[in-house]
Amino acid sequence: MTEARPHPYDPTAFRDVFEHHFTYLAGFWRNVHRYASRPALHDPLTGRRWTYAELGRDVERLAAGLAACGVGRGDVVVFQLFNTPEWALLYLAAQHLGAVGSPVNFRFSPGETALVLDDSRPSAYVFDVAIAETARAAVDVARHRVGALISVDAAAIDGPGGPGGRGDRVPPLRDAIPFGDLLAGGHPAVTPPADVTIYDETTRLYTSGTTGMPKGVCLNSLVEVLTAHDVIMHFPLSPEDKTLNMTPWFHRGGVSSGGPCPVFYAGAEAVAMPRFDPDLCLDYVAAHGLTFLIGAPTNLVMLASAQEARPRDLSTLRGIVTMGAPLERQACLRFQRVLTPRIFNGYGTTEAFWNTFLRPADLPDHAGSAGRACTDDDVAVVRLVEGDGAEPGDLAAKDGTEIGEVIVRSVKSGYAYTNNPAEQAQRFRGGWLYTGDLATWDRDEYVTIVGRKDDMIISGGENVYPVQVEEVLNEHPGVSECAVVGLPDARWGELVVAYVVAADDSLTATECDKHCQAHPMLAGYKRPRAYRFVPELPVTATGKKMHYKVREMAIADDAAGTLMRL
Ligand code: AMP
């Protein structure tokens, strides 16, 4: 018989503190008193500013206003807003009520918005009046009847045109409640439900839909805390920082990547920019002493050009962080030269935030890669196999050459989709997220993303990864941007086709082809065999190229005879 240990440890008290008091909301309220008089939020376009004490007061007022509209524990609040203070207030107020905040893409069509309304069945739907027509059509089309419609008219705050010149004002929906009425005070105060836990869903994001319809991704309170911790560790983000997101807060590369989530948890300051403007952004750095800018590589391209045209003092910057799309080697080195040597690149997904991170110390040697696994994450590149994907232990060679699928195991994921058990079972398996991204990794576990499985081209039986071909084309000075896709072809299976935005009008398909032929890193079968020059490429609101749309364009252009075949 084994004797009982004399002092068996009982974790009950720890578990109670951990599960009930280690919430994201608790972290925010700590800052409201700890940093009461420090800056929390600034909207330079309207001149509005909040200290932590003021932010706490407005979160309480908004929560009371939402409660008066019928929003309660577990209810969903959908908000379709630009990066304005109202966005930040809703993010926090939803959590204060024990509700789920669901910020959605302001570029969604009425049909896509209606799908979200039917998927999430919100008690309240908040929209910016600049997209009132979309909101009106979505509410009409959706089967779900939204409890309260709330309109934000941020444009009215600084007179005609409003922040960023939002264009024509559209009258709000007839029965919409002005956001200002909720904030005005006078509603019975609410206290956060006592029985919330770290496992409660707090925020629901929709993926950017680069390969199809957006999926609802559930994040819980602990996921938000650990996301904030990750940014605090990796930037590192401190209470003295002032961050500005150049991409929308509604996606993980916004809210989580130096946006409201880590900022209000760390006690730093968020600076709002409703619409990205590279010149204004650089002016803000100089005028307001910003310390971090966060965006997609396309934002950095525009920033670099604006800085070259009119250099500003960017010495307050502690870093520029990119996420969302591959950061090519040449582009990375240019940003270091022109903007700041402290360039970071986070690779990740809506599902699990970033999971690999490239830091300034990795440069220039590892420019072009997405860095190594984040502190708390397991990341592996596994062999490509038919069907469901390889087992986690079936690793691709760490030789910088073999292409496999990236899988991650991370507590920054909620491991769930809304109303989509089939996709959930497919993507989350045995604690791992199968990202569908293709990559190589090297001996030191630096991961280089080469594209998405869905975008891979098979030409003459060989795999062609669009990102590799695009990187080669982008090295030509006459190429501003490009997207490479596969066009169905009777002989080759798929034909490699390049859509190019030219930086120089004299650029020809023959010239591009000469450049590809002469390039030491591009096998012959990967060379585009047809070109089309276009003024712009289809991108999501979060700066990702939509290869599936370019592929549709290629099929149509081929039928119309407008592709330039070599
Ligand atoms: P989403 O979840 O819709 O925001 O899209 C996530 C996808 O964006 C990933 O699966 C990648 O394909 C791509 N992505 C995100 N960050 C990076 C990065 N740093 N480098 C390359 N691709 C990225």
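I'd like the residue in the range 398-412 that is under 11 Å from residue 433 (Cβ atoms) and of a type outside the set (Ser, Thr, Tyr) and, out of all such residues, is farthest from the chain's Cα centre (by Cα). Top of the filtered list is 405. Residues that are within 16 Å of the ligand (Cβ to nearest atom) and among the hydroxyl-bearing types (Ser, Thr, Tyr) are absent from the range 335-342 altogether. Looking only at the range 495-509, decide whether some residue is among the hydroxyl-bearing types (Ser, Thr, Tyr), in a helix (DSSP H, G or I) and open to solvent by 70 Å² or more (accessible area, probe 1.4 Å). No: the range 495-509 contains no residue that is among the hydroxyl-bearing types (Ser, Thr, Tyr), in a helix (DSSP H, G or I) and open to solvent by 70 Å² or more (accessible area, probe 1.4 Å). Candidates in the range 507-526 are the residues that are touching a strand residue (DSSP E or B) at 6+ places or on another chain (Cβ under 7 Å) and more than 14 Å from residue 564 (Cβ to Cβ); of these, the one that is modelled with the highest pLDDT is 526. Going by what's in this entry, would residue 488 be described as open to solvent by 60 Å² or more (accessible area, probe 1.4 Å) and outside any loop (DSSP other than H, G, I, E, B)? Judged against the criteria, residue 488 is a match. Residues in the range 317-334 that are open to solvent by 10 Å² or more (accessible area, probe 1.4 Å) and within 10 Å of the ligand (Cβ to nearest atom): 323, 324, 325, 326, 328.
Flag not set for residue 361, criterion: among the aliphatic types (A, V, I, L, M) and open to solvent by less than 30 Å² (accessible area, probe 1.4 Å).
Residues that are of a type in the set (Val, Ile, Thr), touching a helix residue (DSSP H, G or I) at 6+ places or on another chain (Cβ under 8 Å) and over 16 Å from residue 88 (Cβ atoms) within the range 1-42 comprise just one, 23.
Taken over the range 450-463, the residue count meeting the criterion of being out of contact with any helix residue (DSSP H, G or I) (no Cβ under 7 Å at 6 or more places or on another chain), more than 9 Å from residue 493 (Cβ to Cβ) and assigned to a strand (DSSP E or B) is 2. The helices (runs of 4 or more DSSP H) falling completely within the range 197-288 that include 1 or more residues that are touching a residue at least 60 places away in the same chain (Cβ under 8 Å), open to solvent by less than 10 Å² (accessible area, probe 1.4 Å) and not polar (S, T, N, Q) map to 221-234, 252-255, 260-266. Residues of the range 459-480 that are touching a residue at least 24 places away in the same chain (Cβ under 8 Å), open to solvent by 20 Å² or more (accessible area, probe 1.4 Å), on the phi < 0 side of the Ramachandran plot and away from the ligand (no atom under 16 Å from the Cβ): 462, 463, 475, 476, 477.
The values are calculated or read from the model by the stated rules, or taken from the named source; none is laboratory data. Just so you know, these numbers come straight off a predicted model, no measurement behind them. With ideal geometry, Cβ positions are generated from the backbone for all residues, glycine too; neighbour counts draw on all protein chains shown. Please note that ligands, DNA and RNA were not included when accessible areas were found on the heavy atoms of the full protein model with its side chains. Shrake-Rupley method; radii C 1.70, N 1.55, O 1.52, S 1.80 Å.
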